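Asks: First the structure, which I've put down as structure tokens, then a few questions once you've had a look.
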Amino acid sequence: MPFDVAELAARIADGRGRPIELMPTTWQPGLPCGFLVMADQADYIVYVADTAHIHREHILVHELAHLVCEHHGTGPGQFMPHLPNELVGRVLGRTVYSEPQEEEAELLASLVLQRARRSRPGAGRPEPFFGPAPRTGL
């Protein structure tokens, strides 16, 4: 069965008991490729839709990793300065990878997607971009 990031989001939402909405947008200079908004009623992942499929998947899984790792962001700040803190509890954006939360989310996203690529149909064939599929028996 092919990997489906929307299915992963639904499973994480079920496990957390709170909805997650995936919200595509077009890329804007100066903004991150994706960010997570944790509001009172739901979590919203805003992501760049006008990019390659593999990049889009990574953005989404990275933001989902923040939820799985229970990371804490800041107030609306630079991403949504016009919204009050009471409406938007926390925001996490992908701008710097040197912060521990970003490093952890990036690592988890990479591991999830590496495992997903191995389990895809035809995963035993070499992939030109990623090199030959590993033969670990996992």
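FYI, it's all coordinate maths here, none of it is from the lab. Everything numeric here is computed off the predicted structure, so don't read it as measured data.
Asks: Work out, step by step, the length gained on full extension between residue 53 and residue 110: first 0.36 nm times the residue separation, then minus their alpha carbon distance; give nm to one decimal.
Replies: 19.0 nm
Asks: More than 13 Å apart: what percent of Cα pairs in the range 4-60 qualify? Spell out each step's value before the answer.
Replies: Numbers: 956 of 1596 pairs.
Tail of the P(r) past 13 Å holds 60 percent of the pairs.
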